[in-house]
There are 2 protein chains.
Amino acid sequence: MAESFHMKSHEFRESGKRLIDWLADYYARVDQLPVLAQVKPGEIRASLPAEPPQIGVAIDTIIEQLNSKIMPGITHWQSPNFFAYFPANASEPSVLGDLISSGLGVQGMLWATSPACTEVETHVLDWLANMLALPKTFLSNSAGGGGIQDSASSASLCAILAARERATNFKSNERGCRENLVAYTSTQAHSSIEKDIRVAGIGRANLWLIDVDEQFAMRPELLEKTIEEDKRAGRIPFFVCATVGTTSSLAFDPLPAIGEICKRHNLWLHVDAAMAGTAALCSEFRYIQNGLELADSYCFDAHKWMFTNFDCTCFYVANRETLTHSLSVTPEYLRNQATESGSVFDYRDWHVPLGRRFRALKLWFVIQHYGVEGLQFHIRRHVAIAQKFLESVRKDDRFEIIAPAPLNLICFRVKGDDGLNEELLRRLNASGQLYLSHTKLNGKFTLRFCVAQMRTELHHVEHAWAAICAEATKLIAARDRGSHSNQAASGRE
Amino acid sequence: MAESFHMKSHEFRESGKRLIDWLADYYARVDQLPVLAQVKPGEIRASLPAEPPQIGVAIDTIIEQLNSKIMPGITHWQSPNFFAYFPANASEPSVLGDLISSGLGVQGMLWATSPACTEVETHVLDWLANMLALPKTFLSNSAGGGGIQDSASSASLCAILAARERATNFKSNERGCRENLVAYTSTQAHSSIEKDIRVAGIGRANLWLIDVDEQFAMRPELLEKTIEEDKRAGRIPFFVCATVGTTSSLAFDPLPAIGEICKRHNLWLHVDAAMAGTAALCSEFRYIQNGLELADSYCFDAHKWMFTNFDCTCFYVANRETLTHSLSVTPEYLRNQATESGSVFDYRDWHVPLGRRFRALKLWFVIQHYGVEGLQFHIRRHVAIAQKFLESVRKDDRFEIIAPAPLNLICFRVKGDDGLNEELLRRLNASGQLYLSHTKLNGKFTLRFCVAQMRTELHHVEHAWAAICAEATKLIAARDRGSHSNQAASGRE
């Protein structure tokens, strides 16, 4: 190349190696960093130059700015002290697989635009289906198969679109969605189901949130009753989303009963196992997906508990033709012999975007590096640590446990009012020592403690528990003083 | 850490550096590889082990399999001989920025979940808006702003959803889309507009494809006539997508006229500049976006011509509240002080997925490395090379040029029947020397030659032209022999 502003080969080699070391150094000290970024709104932007550089700068400058201006605004999802939400693990093998994906920069919209991108994806998703003992209907040698999406939100949208088409005799794409379609999920389902139902033009008012039992699992008898009422009223029930491990409390909807109801009434059953699905790598946890053979579609996020960096939602359907029929539009400029032969998957027909990167590569790196046994080891390890934490909470009668916790998410609170628990959460997160998040269960403000970060060891959890106890002690003492002196027991000192 | 299947720090450092060298070596020889993968359907899968490894394997094995089993199925989008579709450039700085994004593994769904992820994105999209001289309405200090999406398909879906809500007085999310909404785009618009209209529950039958002029640009007088007819018929015109650089031929819809019509009839105007938008980095090409100040939303793909690896669609809106109002659903577990203060952007409300990675980092690396001048240099270089190619085609009277080519896409064909041109394309791509794609214009099979791959130099294009001429010479000779001997002039020897 003649004159060029491109990065030269030796510069890429040197810079790339520096950044690999930068990441390794980061991982070595991430447990020491305040988990939650301690910045105020606008602080990061204010530190950045108002104008972009006219003339490019050296990698030294870029790295210096990364360290000084960007890192202070990072919340450390890779910290072993991250117990909030669900994790977003970026294991080293996944980062390396993703590096190759970034670098090759292939587009896998059609089989023809990079055959390996499609075939490795189909292959690895078949591997995974077997590793998790998913129903055979989801394998690519059946009428079904799996593909990767960016998120469970997008996967459930595609399930809804395929269900919408099936329920309208494949007319909703053509004419718009005018039928009185009705969808169902539980009060505990992820908010993305509501969002997707809106996006698909069905309307939130046509999504019933079915009540749950004392374990926060959908009550199937209420589901069936509602479906029957809707049918009598001339509405068209078409879709149920059941959850394997809800976001609030990791509740498990009863798939066998829900699946039977869906079969009986001819509804599409989508199963969302975003975080918990990975547990099925271990035979002793596979009970969570009993009944999955009744589902039309299924997804779980390898980018949560399976050590594969975002984005990597694994989405399976039992009938891929219904899906692709719902999502395929082929202009002339995308026509090609392989597609017309019918012998290939074109994954652009499995989701909304046309472009798609080679995401299977990072999953392939992860499975190759850990092996099935390595992944099982960590799932079991996390569940065991979480159960020890559960035991500590249970033994301390200042606390109450709000939901069943058979796996790795503990929902608990200090006995007392919401204000005290809100303040406890605020102080713990502000301390930088750990990061946890909250939900509301039975109307009560509840702390969520999820053990699934790849670096989390027992001692991190013990340390977190000590910090929780210490802050709770202070807050309870303040409350008791406050109530003695007749002040409002708001939990604020 | 005690016993662990995790990759050890020194192993990550060594493997990472090997893979950086692997990529550098790849870039050094990518011009020598057959651009289009020369494999048959199923060939890559057949080479992969049927079962995943129970026990993890060493990085040596992973790299060996990458080389021997996966690379044969790669179509080389990073080759300087890639002239097909639109490019998907993965420049070295973008790959390095993306490496940090993968490695940090932060989630930017809320400002609170990693403030830098949100603030750097807003900041860099403001930078970009100024670099491209976009209307001030798209800056974050106005009522608008920009965010990153995975693809132009997803961005236009969000534009349609916001437009749908606005046109229904914010009722379509709640009640479903029952109104007789009608959308408009040109016959040359990207297929994603049709897909999005289906997804949104509006129905393909309610999308009018407005006819184009001899330059393949939308005819605004036909647009207005159709809108008026629809209004008289009681339908509700709500959305127009205009294209700045169509996929087929890089045609430019007349934004000023279309924008005036949209204002007059109160329609949402979305402008899709997926590939061509980047040209506006150079003042002499900014005429392509004249009239953009009339648009409600705009997108272009930094992952095409702006050297930033996929995915990186930059999506701007003039009124961010309409967008977020259309896409926001907030369950308890996502509530936080920063959101409730109203002082931050929560980008999950700008698109369908909840999770989102730190994509602004790669864009930030690209802008920092190249500087504005470096990026301008390459845009001008590509246009100049493309114009030389155009001149070569024009001078050869065996060929005809099918569409105006003011920038970097040349649409041309051999004078003669479609069969000959199809066979020409097939042979050129099978040769491995170059990769180009096709479209149909005025009903004729037409070759598309796009000059936008970052490594493409004049000599690659000259070599491509020589290869095209050589194959055309053979095919024309065969046709002429064939017609002399009264055989079907199918172009097949």
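The values are calculated or read from the model by the stated rules, or taken from the named source; none is laboratory data. Computed from a predicted model, the values in this text were never measured in an experiment. FYI the Cβ positions are ideal-geometry reconstructions off the backbone, even for glycines, and counts take in every protein chain you see. The protein model used for the area step is the full one, side chains on, heavy atoms only, and it has no ligands, DNA or RNA in it. Shrake-Rupley method; radii C 1.70, N 1.55, O 1.52, S 1.80 Å.
When A:Asp150, B:Asp480 are compared by accessible surface with a 1.4 Å probe, the order from highest to lowest is B:Asp480, A:Asp150.
Interface area, chains A and B: about 14300 Å² of buried accessible surface, summed, with a 1.4 Å probe and ligands, DNA and RNA left out. Applying the criteria of a DSSP loop state and at most 13 other Cβ atoms within 10 Å to the trypsin sites (Lys or Arg not before Pro) of region B:170-236 yields no site.
With R₀ set to 30 Å, the beta-carbon distance separating A:Arg398 from A:Gln38 gives a calculated FRET efficiency near 0.60.
Positive end of the dipole of chain A, charges at C-beta (+1 Lys, Arg; -1 Asp, Glu), about the Cα centre: which of A:His303, A:Phe138, A:Thr247 has its Cα farthest in that direction? So the residue furthest toward the plus end is A:Thr247. A label point on A:Arg398, set 7 Å along the Cα-to-Cβ line, lies at 8.8 nm from each of its counterparts in the other copies, closest listed first.
Suppose we keep just the DSSP beta bridges with both residues in the protein assembly as shown; what percent of those would be antiparallel, to 5? In the protein assembly as shown, DSSP labels about 60 percent of beta bridges as antiparallel. Across the accessible surface of region B:381-484, with the other protein chains kept in place and a 1.4 Å probe, carbon and sulfur atoms take up 53 percent.
Can you give me the % of accessible surface on region B:106-356 that is carbon or sulfur? Probe 1.4 Å, all protein chains present, nothing else counted. Can you show the working numbers first?
Numbers: 3310 of 6910 Å².
Carbon with sulfur: 48 percent of the solvent-accessible area.
Here each label is just a point 7 Å from Cα along the line to Cβ, and for B:Ser4 and A:Arg29 those points are 1.8 nm apart.
Distance from the B-onto-A rotation axis is smallest for the Cβ of the chain B residue given, in whole Å, as B:Gly201, 1.
Interface burial in region B:372-389 reaches 30 Å² or more for B:Val372, B:Glu373, B:Phe377, B:His378, comparing the full protein assembly with the chain by itself; accessible area from heavy atoms with a 1.4 Å probe.
Taking the charge dipole of chain A about its Cα centre, with +1 at Lys and Arg Cβ atoms and -1 at Asp and Glu Cβ atoms, the residue from A:Trp77, A:Leu375, A:Gln433 reaching farthest to the positive side is A:Gln433. Using a probe of 1.4 Å, the accessible surface attributed to B:His463 totals some 100 Å² when neighbouring protein chains are kept in position.
For the residue pairs B:Lys388/B:Lys415; A:Lys69/B:Lys8; A:Lys395/A:Lys444; B:Lys395/B:Lys474; A:Lys17/A:Lys362; A:Lys136/A:Lys440, alpha carbon separations beyond 27 Å are given by A:Lys69/B:Lys8; A:Lys136/A:Lys440.
When the expected Rg is taken as 2.2 N^0.38 Å, what fraction or multiple of it is the alpha-carbon Rg of region A:169-295?
Details: Rg = 14.6 Å, N = 127, 2.2 N^0.38 = 13.9 Å.
Expressed relative to 2.2 N^0.38 Å, the Cα Rg reads 1.06.
Residues of region A:205-247 buried by at least 20 Å² of accessible area upon assembly of all protein chains, compared with the chain on its own (1.4 Å probe): A:Ala205, A:Asn206, A:Thr247. Spatial offset of region A:111-176 relative to region A:14-65 amounts to 37 Å, using the alpha carbon center of each. Here is the size of chain B from its Cα atoms: Rg then Dmax, 24.6, 82 Å. Normalised per residue, the accessible area of the protein assembly as shown is 32 Å², obtained with a 1.4 Å probe and no contribution from ligands, DNA or RNA. Shown for A:Asn67: label points 7 Å from Cα along the beta-carbon vector, and their distances to the equivalent points in the other copies, 3.5 nm in ascending order. Residue-wise HN-Hα couplings along region A:180-192, as the Karplus relation 6.51 cos²θ - 1.76 cosθ + 1.60 with θ = phi - 60° gives them from phi, are 7, 6, 10, 10, 9, 8, 8, 4, 9, 5, 5, 4, 5 Hz; Gly and Pro carry x. Residue order by solvent-accessible surface for B:Ile202, B:Ile236 is B:Ile236, B:Ile202, largest first, with ligands and nucleic acids left out and a 1.4 Å probe.
Burial here means at least 30 square angstrom less accessible surface with every protein chain in place than with the chain by itself, probed at 1.4 Å; in region A:126-151 the buried residues are A:Trp127, A:Asp150.
Rounded to the nearest 0.05, what FRET efficiency do B:Thr187 and A:Arg232 have when you use their Cβ-Cβ distance and R0 = 51 Å? Spell out each step's value before the answer.
Working: r = 46 Å, r/R0 = 0.90.
With a Förster radius of 51 Å, E is 0.65.
Per-residue Karplus couplings for region A:398-412, computed as 6.51 cos²θ - 1.76 cosθ + 1.60 with θ equal to phi - 60°, are listed in order as 7, 10, 10, 9, 9, 8, x, 9, x, 10, 10, 10, 10, 10, 8 Hz, Gly and Pro entered as x.
Note on B:175-182: average number of Cβ atoms from other chains within 10 Å of each residue's Cβ is 5. Taking amide H as placed 1.01 Å from N in the peptide plane, B:Met109 has its amide H under 5 Å from the amide H of B:Arg356, each at least 5 places away in sequence or on another chain. Fully extending the segment from A:Glu221 to A:Ala477 would add 87.6 nm, taking 0.36 nm per residue of separation and subtracting the current Cα-Cα distance. Under the criterion of Cα pairs below 8 Å and six or more residues apart, the relative contact order for chain B equals 21 percent. If a spin label sat at a point 7 angstrom from the Cα of A:Glu284 along the line to its beta carbon, the backbone N atoms of region A:376-405 nearer than 17 Å would be those of A:376-391, A:405.
What does the average come to when, for each residue of peptide A:337-350, you count the partner chain Cβ atoms lying within 10 Å of its Cβ?
Working: counts 2, 2, 0, 0, 1, 1, 3, 3, 1, 0, 0, 5, 1, 0.
Mean shielding by partner chains, rounded to a whole number: 1.
The residues B:Lys440, B:Lys388, sorted by heavy-atom accessible surface at 1.4 Å with ligands and nucleic acids left out, run B:Lys388, B:Lys440 from largest to smallest. Note on B:278-289: average number of Cβ atoms from other chains within 10 Å of each residue's Cβ is 0. For region A:270-343, the equivalent ellipsoid built from the Cα gyration tensor has semi-axes of 31, 16, 10 Å, listed from largest to smallest. Here the gap between B:Lys171 and B:Ile55, fully extended at 0.36 nm per residue and compared with their Cα-Cα distance, gives a gain of 36.3 nm.
Take A:His463, push a point 7 Å out from Cα through the beta-carbon direction, and compare it with the same point in every other copy: 5.5 nm, smallest first.
The magnitude of the dipole of chain A, with charges of +1 and -1 set on the Cβ of Lys/Arg and Asp/Glu and taken from the Cα centre, is near 660 debye.
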